[in-house]
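As structure tokens, the structure follows; a few thoughts come after it.
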Amino acid sequence: MDFFVKFWGTRGSIPTPGYRTQVYGGNTSCVEIRIGDILIICDGGSGLRELGLDLMTRGLEKIVGHMFFSHTHWDHIQGFPFFVPAYIVENTFYVYGSSAGDTRSFELLSGQMQSDYFPVNFSELSAHILPRYLQDNSADINGIEIHSMEMNHPGGAIAYSFESEGFKVVYACDNELDTILENKGVCLSNSEVARIIPKRFVDFARNADLLIGDGQYTDEEYTSKIGWGHSRATTLVDLAVQAGVKRLAVSHHDPLQSDESVSKKIKACRNRAIELQSDLIVFGAREGMELRIE
Ligand SMILES: [Zn+2]
Ligand SMILES: [Zn+2]
């Protein structure tokens, strides 16, 4: 089965349109995964609006989508009220909760459409929007295996892995790897960090063909952002190398980073991979970029 990943939003925290962010894009988190004719959507940041417009041009009689939200901070749900396919009666979207009865994502998607915030009420959306749940942190969609894991982020966030026919993609935004290491507010060196990355994180990403991870900060930026809930990009490289990941998409770029700064951050990541004598492929997730998983 064809397995594709497309980035529709790669910015963290807040949309950042403008000339400084044209290369990597200014829309917040949204990734499309297509496996055969199954459509999976990870997060609904402002990039979801763009995905919706694109879906409308694909000539589909009806759209069925499986939506997985890492968490419900604004930058991961704010595109939903502008997601055109949700307004069309033929379409169906399943919103997954992390465990039986977990309707948090579902409720907050509808909550952000209360009249104080948005002119159209959630109940006026014509598509079928239905809650579904993971059981024991896993789900199955027509043979596609899905697993989830709690990450380290204020208020919580969930990573997801998607596996089909021996291929694996992991989506892991937002996550602060460095504080999990209990460094108590001290920024550890890369080699110190490498020794103590928790095994459960490495295991979750084990042998992924693609890891899409939170690498919001450069090493310099991170020193003043400890505890904010996001990782140093170079720590993400260490995790990816230990897990034997093939390709690493560094995502959730800080809104203060221009295209030039993101490119520098990625260069530092590649240098870290070289230091580790790894052949990991590292790149900056960029809006509009499409990858075939093979
Ligand atoms: Zn975020
Ligand atoms: Zn967040």
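The values are calculated or read from the model by the stated rules, or taken from the named source; none is laboratory data. Every value quoted in this text rests on a predicted model; they were computed, and no experiment measured them. Backbone-built Cβ (ideal geometry, glycine too); neighbour counts: all protein chains shown. For the accessible areas, the whole protein counts, side chains as well, though only heavy atoms, and no ligand, DNA or RNA atoms are used. Shrake-Rupley method; radii C 1.70, N 1.55, O 1.52, S 1.80 Å.
For region 1-79, the share of DSSP beta bridges that are antiparallel, to the nearest 5, is 70%. Under conditions of 37 °C and 0.692 mPa s, region 13-86 yields 258 µm² s⁻¹ as its translational diffusion coefficient, taking Rh as the Kirkwood radius over Cα pairs in the Stokes-Einstein equation.
Report D for region 224-294 in µm² per second (integer): Stokes-Einstein, Kirkwood Rh on Cα pairs, 20 °C, 1.002 mPa s. Present the calculation step by step, with values, prior to reporting the outcome.
Working: Rh = 12.9 Å.
Rounded to a whole number, D works out at 166 µm²/s.
Could you tell me the calculated FRET efficiency between residue 137 and residue 107, based on Cβ-Cβ distance and R0 = 25 angstrom, to the nearest 0.05? The formula returns an efficiency of 0.75 here. Relative to the current alpha-carbon distance between residue 56 and residue 264, full extension at 0.36 nm per residue lengthens the span by 71.3 nm. Annotation: lysines with alpha-carbon distance below 24 angstrom to residue 246 (same-chain offsets under eight excluded): 6, 168, 199, 264, 265, 267.
Could you work out the local net charge near residue 31, counting Lys and Arg as +1, Asp and Glu as -1, over the other residues with Cβ closer than 15 Å to its Cβ?
Values: positive: 6, 11, 34, 49, 168, 247, 286, 292; negative: 32, 43, 50, 54, 75, 174, 209, 214, 287, 290.
Spelling it out: positives minus negatives among the neighbours equals -2.
Within the straight-line cut-off of under 17 Å between alpha carbons, the aspartates and glutamates reachable from residue 225 are 174, 176, 178, 182, 214, 254, sequence neighbours fewer than 8 places apart in one chain being disregarded.
Between the exposed loop cleavage positions of the chain, defined as trypsin sites (Lys or Arg not before Pro) in a non-H, G, I, E, B DSSP state with at most 10 neighbouring beta-carbon atoms within 10 angstrom, the longest gap is 59-183.
Calculation over all alpha carbon pairs of region 1-125 in 10 angstrom steps from 0 returns a P(r) of 13, 44, 35, 8, 0 percent.
Taking amide hydrogens as placed 1.01 Å from N in the peptide plane, the amide H of residue 39 sits under 5 Å from those of 66, each at least 5 positions away in sequence or on another chain.
Each principal axis of the Cα cloud of region 89-153 was taken in turn, and the coordinate range along them, longest first, works out to 37, 33, 17 Å.
Restricting the GluC sites (Glu not before Pro) of region 14-112 to loop positions (DSSP other than H, G, I, E, B) with no more than 13 neighbouring Cβ atoms within 10 Å leaves 61, 90. Computed per residue of the chain from DSSP H runs no shorter than four, each worth -39500 (n - 2.57), the mean residue ellipticity at 222 nm is -6500 deg cm²/dmol. For the chain, DSSP calls about 50 percent of its internal beta bridges antiparallel. Projected onto their three principal axes, the Cα atoms of the chain cover extents of 53, 40, 34 Å, largest first.
Summing +1 for each Lys or Arg and -1 for each Asp or Glu among the other residues whose beta-carbon sits under 10 angstrom from that of residue 230 gives -4.
Charges at C-beta only: +1 for Lys and Arg, -1 for Asp and Glu. How large is the resulting dipole of region 3-287 about its Cα centre, in Debye rounded to 20?
Values: 25 positive and 36 negative charges, 110 e Å.
Using Cβ point charges on Lys, Arg, Asp and Glu, region 3-287 gives about 520 debye.
Mind checking the per residue accessible area of region 3-287 for me, 1.4 Å probe, whole number of Å²? Write down the numbers at each step before the final one.
Details: 12030 Å² over 285 residues.
Value for region 3-287: 42 Å² per residue.
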